[in-house]
2 protein chains.
Amino acid sequence: MRRFDNVAIKVYNQCIMKKYTEMTREEQQKEYDVLNQRYREVCESGIHLDMSRGKPSIEQLDLSRGLLDTLYGEANLNAEDGMDVRNYGGLLGIPEARRLMGDIMGGVHMEKVIACGNASLNIMYDCVSRAYSHGIMGNPPWCKVDHVKFLCPVPGYDRHFKISEFFGIEMVNIPMDDKGPDMDMVKDYVENDPTVKGIWCVPKYSNPQGTVYSDDVVRKFAALNPAAPDFRIFWDNAYCVHHLYADRNLQAEILDIIEECEKAGHPDMVYEFCSTSKISFAGSGLAAIATSLANIEDIRKGFSVQTIGYDKVNQLRHVRYFKDVDGVREKMMEHAAVLRPKFESVENALQAGLSGLDIGTWTKPRGGYFISFNSMDGCAKAIVSKCAVAGVKLTSAGATYPYGKDPRDRNIRIAPSFPTTEELRKATELFVLCVKLVSLEKVMGLI
Amino acid sequence: MRRFDNVAIKVYNQCIMKKYTEMTREEQQKEYDVLNQRYREVCESGIHLDMSRGKPSIEQLDLSRGLLDTLYGEANLNAEDGMDVRNYGGLLGIPEARRLMGDIMGGVHMEKVIACGNASLNIMYDCVSRAYSHGIMGNPPWCKVDHVKFLCPVPGYDRHFKISEFFGIEMVNIPMDDKGPDMDMVKDYVENDPTVKGIWCVPKYSNPQGTVYSDDVVRKFAALNPAAPDFRIFWDNAYCVHHLYADRNLQAEILDIIEECEKAGHPDMVYEFCSTSKISFAGSGLAAIATSLANIEDIRKGFSVQTIGYDKVNQLRHVRYFKDVDGVREKMMEHAAVLRPKFESVENALQAGLSGLDIGTWTKPRGGYFISFNSMDGCAKAIVSKCAVAGVKLTSAGATYPYGKDPRDRNIRIAPSFPTTEELRKATELFVLCVKLVSLEKVMGLI
């Protein structure tokens, strides 16, 4: 298995422009006037763009257009176990979909996989909701215990945090570096605080930084000895095959957390999630959960009350279309060909516009859907707001932190996937402009 | 609107055979030996059939085969509001799907409808689960109150009861007659007991009796003044267009509960559910909930945390395939043409084999998916068990009652839809045989 050393997740800060802090007040004012004039022009140009979510572009959706034709005139609508996919039944999904999703997650055995509906978020929500109302594997329901905490590596995925918040779960920020979460801190919390019941992880091409958890980090997760018997790692492997580069040496691989947890004697400690939302269709893909057989049985009991089964026709459609994980990998290279120029265009514009100014750092991910930008402290909200006034909606500043509270008000998630290249060029120019303006205002003491 | 007077839901008991109770012991023994011999022959014939669920037959699934071809080569994958159905977004469903599902429910305005995924059961579960964890419209979560009760008209749908049971909700049996539930009892509970938070209803072609709620019953529901502000009627309109007869005079219509609740000044009191599970594909249809705008907003808040949206591609597929509610009605007549002979075959066999014996009564529904059979008291479990030994799996005796406990052990749900006509003929012969045998054992004091 190839791994890479995260050198990509570095910051670009070569000195080629004069720093605002080194300018005289007069120079600052002059620069400010120039930038402001340009900002007004952009505002008047009537740009309208929503870059708030990691949405695939139409071009990407078109890559799987054939999925909708897959079952056309198809006479055999039986799964490989003989079940007619159109009818009721098959609570755990059809065998071939369980196998495909297991393979996408890096080779998890199909018995440990449930193939579900169109949203992995929904499975995560259900896992928390069921834990809240019924408890995990015989442990007390979280609604009946005094306090529940989740650890949240930050910055992270806002929708994870929203689930915790919805269920009144206290969230604890865990700092990230370029190898993953601070595992000393994770270990300390998980092993000593029985109210810590979970941790949200995006282990590969993390949202928003693009960080890939190192083998050491994954092994440290597997080796945790939780104080709470119902502690679970919520391992959202959302970008498991979502590389931006075709060169296998640039493609990250992570250790199989299911296998590592088994080896470490904690087979039940992890729920792993993935979906084809960014492989086939964002709104109409397949999601899956992988976990131990004991957890599968626990979940199955809930499912048997909750649903008549997930959409097996769409499961069959996906398997017939992609054939196997190699088919998925091929498709991901087509996505990469669309996405990579967009990422590089943003990175180049940031580099050209901001390098040397010491007013921002950003990641250069090799996969996933986001670029993570850190402004000077206390500037993120103002930057996002300035972009919005000009017509470009970014993810809310703070959204990458629990409760929407970025303690340093500096992290901004950039989602380059949806806009066209031309829109992206304009939007990034605007973004650079807003970063400069707000930073200058900060340096000049105007905000 | 046409209604019918439920004369169909009568019992067939003309005297043409000698009753077991009027036989001498010798005659009983002779009859018993003959029946037993025949039972052994059937056992040896190697019949294997699962009639436990109301599953559509393959022939019925094939009626909507074209659904899978609908989007073949389709260039326009936008909903009528311009949203690309393949992408994220559209939490309440695409407008045309909301309109279609509202029309299927009898003309509910699309603003009051959310189009969801493939299982109405899942929406019902979610409504109970959300009420349990978060409460309804600002009321205390049910997990934080001492006690919650649901009223359960009986016999009823086992999966409703399972949801209540899963959440520790106490269920109270409410007797049904041929106009619907005993509304005096319902009113007494709902208006005086603030722990009563819900009632499960299948108002049209009820599961399992085929009962159609009368206008008077529907109006009495709408006029309820609940003691609990978060009391909701769970109105599972599962068989809203599921007529067995083409003659409009034989097709039941019920009052629109949403409209009646509005008129009565209780707009928030009802959640109405429906699905296309028995219109298109059982495992891959559309489900919907209809309710007041205030409830929609309450539900939307939960949905926004729970999911990225339901499968809009399948929503579009359904709308493009069926076009409108007239297209659905046409399809339902094709279903009726397949189903009606099966229902009539069972009814005829019951009539031929059991009439006059005073050992069973059954319904003759004009729609829905079931025939409800009442044996002599204390015989249902034995009959179902005898059928199972011979190779025919029926719905468990008791399943039509909360906690699986039929107080008189007499109700059996017959699901004629899935077997072929020939299988059904054999299965019904076996059923009649088992009813006779067990009844005779009862009369003879053997059980």
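The values are calculated or read from the model by the stated rules, or taken from the named source; none is laboratory data. Here the structure is a predicted model, which is why all the values come from computation and not from measurement. With ideal geometry, Cβ positions are generated from the backbone for all residues, glycine too; neighbour counts draw on all protein chains shown.
Things worth noting here:
- Members of the range B:261-285 found to be over 26 Å from residue B:337 (Cα atoms) and assigned to a loop (DSSP other than H, G, I, E, B), listed by number: B:264, B:265, B:266, B:267, B:268, B:269
- Residue among B:120, B:129, B:133 that is within 18 Å of the chain's Cα centre (by Cα) and of a type in the set (S, T, N, Q): B:120
Here's the yes/no breakdown for (1) within 25 Å of residue A:134 (Cβ to Cβ); (2) crowded, with 22+ Cβ neighbours inside 10 Å; (3) not assigned by TED's automatic domain parsing to the domain that holds residue A:90:
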| position | (1), (2), (3) |
| --- | --- |
| A:230 | yes, no, no |
| A:253 | no, no, no |
| A:258 | yes, yes, no |
| A:265 | no, no, no |
| A:268 | yes, no, no |
| A:278 | no, yes, no |
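- Single residue of the range B:415-442 satisfying the filter (among the hydrophobic types (A, V, I, L, M, F, W, C) and touching a Pro at 6+ places or on another chain (Cβ under 8 Å)) that is nearest to residue B:39 (Cα to Cα): B:427
- Some residue of the range B:32-46 being part of a loop (DSSP other than H, G, I, E, B) and either under 19 Å from residue B:433 (Cα atoms) or modelled with pLDDT under 95 (or both): yes
- Subset of the range B:82-116 that is within 26 Å of residue B:271 (Cα to Cα) and small (Gly, Ala, Ser) - its residue that is farthest from the other protein chains (Cβ to nearest Cβ): B:107
- Criterion (polar (S, T, N, Q) and buried (at least 20 other Cβ atoms within 10 Å of the Cβ)) met by exactly one of A:428, A:421: A:428
- Meets criteria (more than 26 Å from residue B:119 (Cα to Cα) and within 14 Å of chain A (Cβ to nearest Cβ)) for residue B:158: no
- Qualifying strands (runs of 3 or more DSSP E) (wholly inside the range B:74-178; at least 2 residues being assigned by TED's automatic domain parsing to the domain that holds residue B:373 and of a type in the set (D, E, K, R)): none
- Unique match (being at negative phi and within 22 Å of the chain's Cα centre (by Cα)) among B:334, B:297: B:334
- Taking the conditions (1) more than 29 Å from residue A:229 (Cα to Cα); (2) more than 10 Å from chain B (Cβ to nearest Cβ); (3) of a type outside the set (D, E, K, R) in turn, residue A:316 satisfies each one other than (2).
- Any pair with Cβ under 7 angstrom, 6 or more apart, that starts in the range B:326-340 at a residue that is under 15 Å from residue B:415 (Cβ atoms) and ends at one that is acidic (Asp, Glu): B:338/B:59
- Any hit, the range B:190-203, residues being free of Cβ contacts under 8 Å to residues at least 40 places away in the same chain and under 30 Å from residue B:412 (Cα atoms): no
- The single residue among A:79, A:119, A:131 that is within 14 Å of chain B (Cβ to nearest Cβ), within 20 Å of residue A:295 (Cα to Cα) and either in contact with a strand residue (DSSP E or B) (Cβ under 6 Å, 6 or more places away or on another chain) or surrounded by fewer than 22 Cβ atoms within 10 Å (Cβ to Cβ) (or both) turns out to be A:119.
- Checked against (1) in a helix (DSSP H, G or I); (2) surrounded by 22 or more Cβ atoms within 10 Å (Cβ to Cβ), residue A:353 passes all but condition (2).
- Out of B:221, B:234, one residue alone is out of contact with any Lys or Arg (no Cβ under 6 Å at 6 or more places or on another chain), modelled with pLDDT of 95 or more, part of a strand (DSSP E or B) and under 19 Å from residue B:258 (Cβ atoms). It is B:234.
- For the range A:286-306, residues that are within 13 Å of chain B (Cβ to nearest Cβ), part of a loop (DSSP other than H, G, I, E, B) and surrounded by fewer than 24 Cβ atoms within 10 Å (Cβ to Cβ) total 0.
- Check on residue A:283, farther than 16 Å from residue A:107 by Cβ, in contact with a helix residue (DSSP H, G or I) (Cβ under 6 Å, 6 or more places away or on another chain) and touching a residue at least 12 places away in the same chain (Cβ under 8 Å): yes
- Looking across A:363, A:307, A:291, one residue alone is touching a Pro at 6+ places or on another chain (Cβ under 9 Å) and farther than 30 Å from residue A:423 by Cα. It is A:291.
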